[in-house]
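S.K.: Mind looking over this structure? Questions follow.
The values are calculated or read from the model by the stated rules, or taken from the named source; none is laboratory data. Predicted, not measured: the structure shown is a model, and the values here were computed from it. Virtual Cβ from ideal backbone geometry, glycine too; neighbours counted across all protein chains shown. Ligands, DNA and RNA are stripped out before the accessible areas are found, and what is left, the full protein with its side chains, is counted by its heavy atoms. Shrake-Rupley method; radii C 1.70, N 1.55, O 1.52, S 1.80 Å.
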Amino acid sequence: MMKELLKELCLLNGVSGDEGTVREYIIEKIKDLCEYRTDNLGNLICLRRGAKTPEKKLMVCAHMDEVGMIVTSVRSDGTLTFGTVGGVDASVIIGRQVRVGKTLLSGVVGSTAIHNLSSEEREKSPKTDSLYIDIGATDKAEAEKYVKPGDCVYFDSEYVEFGTGKIKSKAIDDRAGCAMMIKLMQEEHEYDTYYVFNVQEEIGLRGSTVSAFSVQPDIAIVLEATTSADIDGVSGAKRVCSLGSGPVVSFMDRSTVYDKELYRLAFETAKELDIPVQTKTMIAGGNDSGAIHISGKGVRTTAVSVPCRYLHSPSCVIAYEDLENSYKLVKAMIKKVTAI
């Protein structure tokens, strides 16, 4: 069941540049379904054989990495300074429980006590460089027994199902895409199809730059999670997309103008399947499409995303029906795109 795949994937830790645990899990799930290899950067490149070899090479991809933090130094009092890995706002991490390093040492993100802030400081948004991680050490010497600069820091967040079909977890961006791809690979295929699980998307589309060059696809479908701001007080285009309104198919974002024929095909296919579909109402964000569509001689590219509230936080929220409908849409599109 895809929900169980999503849960297991989200609870794995894989900050950008440290995706090994996620990759090993995926390999266990797909190793008997395809030919696969891991490239020098860590991308997992899979070829799912079908009954035929298509004239146009199709690549379906998602990224394995999640946003998080990295230790930059150990202070004299045993607390840790850190930098963010990917787009993490300071306001979503203050007071949060985290796990540090390979031993998953418990820690808490601390900040200056409010009574020690000036009235001017209280009015400003917090900055990451004013925060620290408390691992309970008494001094630097004790902390250095367990932690060193360069250790990754992960959100310590439970996977929770709540409300009417809602799911809360860290790393839904983009373990949702990974879960869909694993399930897609379990299906019978008419044509050979490449499935690529990319690394380092959150820090500049680095994995997809390498994998697209290696695979040299003609067409690409990128599976993602994208920002939804469908909450009270946000209206019009600023809502971007809405939970429960189906997969999000973009026409443009900050890094890509998407293939118009593939864009139309997605909406036509959703209508045939009688499932909802939507587009983003703002030109914002970006994903691996930005690197893929300009790779080599150019790649016709589209992106299908699951709408997600509170993206890049320990508490991403999606509607499970959107994940299911995204899977159904991409499954049907895979059968159609090679005819374009």
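S.K.: Give me the net charge for the shell around Ser289: Cβ to Cβ below 10 angstrom, other residues only, Lys and Arg +1, Asp and Glu -1. Walk me through the numbers before you get to the answer.
M.R.: Details: positive: none; negative: Glu224, Asp253, Asp259, Asp288.
Here the count lands on -4.
S.K.: Where does each of Phe162, Phe267 land when they are ordered by accessible area, with a 1.4 Å probe and the largest first?
M.R.: Ranking Phe162, Phe267 by accessible area, largest first, yields Phe162, Phe267.
S.K.: I would also like to ask the following. Looking at the chain, identify the longest residue range that excludes and avoids all trypsin sites (Lys or Arg not before Pro) in DSSP loops having at most 12 other Cβ atoms within 10 Å.
M.R.: Formally, the longest exposed-site-free interval is 146-253.
S.K.: Please express the Cα-Cα pair-distance distribution P(r) of the range 271-340 as a list of whole percents, one per 5 Å bin, running from 0 to the bin with the greatest distance.
M.R.: 3, 12, 19, 22, 22, 14, 7, 2, 0
S.K.: Next question. Within the set of other residues whose C-beta is less than 15 Å from the C-beta of Gly50, count the net charge using Lys and Arg as +1 and Asp and Glu as -1.
M.R.: Taking every Cβ under 15 Å from that of Gly50, the sum is +2.
S.K.: Could you compute how much accessible surface Glu321 exposes when probed at 1.4 Å, giving the result in Å² to the nearest 10?
M.R.: About 100 Å², ignoring ligands and nucleic acids.
S.K.: Of the listed values (i) 44, 24, 17; (ii) 47, 25, 19; (iii) 36, 23, 17, identify the label whose number matches semi-axes √(5λ) of the Cα gyration tensor in Å calculated from this model.
M.R.: Step by step, semi-axes √(5λ) of the Cα gyration tensor in Å for this structure corresponds to label (iii).
S.K.: So how exposed is Leu12, as accessible area in Å² (1.4 Å probe, rounded to 10)?
M.R.: 30
S.K.: What nm value, rounded to one decimal, do you get for the distance between Phe251 and Met2 when each label is placed 7 Å out toward the C-beta?
M.R.: Result: 2.6 nm between the two label points.
S.K.: For the chain, what proportion of DSSP beta bridges, expressed in % and rounded to the nearest 5, is antiparallel?
M.R.: Values: 39 of 60 bridges.
Taking every DSSP beta bridge with both residues in the chain, the antiparallel ones total about 65 percent.
S.K.: Also, quick follow-up: Please give, to one decimal in nm, the separation of the simple spin-label points placed at Lys148 and Lys336, each 7 Å out from Cα toward the Cβ.
M.R.: Spacing of the two 7 Å Cα→Cβ label points: 5.3 nm.
S.K.: Still on this structure, please answer the following. Loop-only check: which GluC sites (Glu not before Pro) in the range 25-117 are DSSP coil with at most 14 other Cβ within 10 angstrom?
M.R.: Glu55
S.K.: Rounding to the nearest 20 debye, state how big the charge dipole of the chain is about its Cα centre with +1 on each Lys and Arg Cβ and -1 on each Asp and Glu Cβ.
M.R.: Details: 41 positive and 48 negative charges, 122 e Å.
That gives a dipole near 580 debye.
S.K.: On the accessible surface of the chain, probed at 1.4 Å, how many percent belong to carbon and sulfur atoms?
M.R.: 49
S.K.: What accessible area per residue comes out for the chain, rounded to a whole number of Å², with a 1.4 Å probe?
M.R.: Working: 15250 Å² over 340 residues.
So the chain comes to 45 Å² accessible per residue, rounded to a whole number.
S.K.: Would you tell me the accessible area of Ile340, worked out with a 1.4 angstrom probe on the heavy atoms of the protein chains, in Å² to the nearest 10?
M.R.: Looks like 30 Å² after rounding.
S.K.: Count charges around Val317 for me, please; just the other residues with Cβ under 12 Å from its Cβ, Lys/Arg as +1, Asp/Glu as -1. Don't skip to the answer; put the middle values down first.
M.R.: Numbers: positive: Lys166, Lys168, Lys170, Arg309; negative: Glu161, Asp173, Asp230, Asp322.
Computed value for this residue: 0.
S.K.: Charges on Cβ only, +1 for Lys and Arg, -1 for Asp and Glu, centred on the Cα centroid of the range 18-148; of Gly68, Ser130, Leu58, which one is farthest towards the dipole's positive end?
M.R.: About the Cα centre, the residue reaching furthest to the positive side is Leu58.
S.K.: Continuing with the same structure: Between Ile231 and Val108, what is the label-to-label distance in nm when each label sits 7 Å out along the Cα-to-Cβ direction?
M.R.: 2.3
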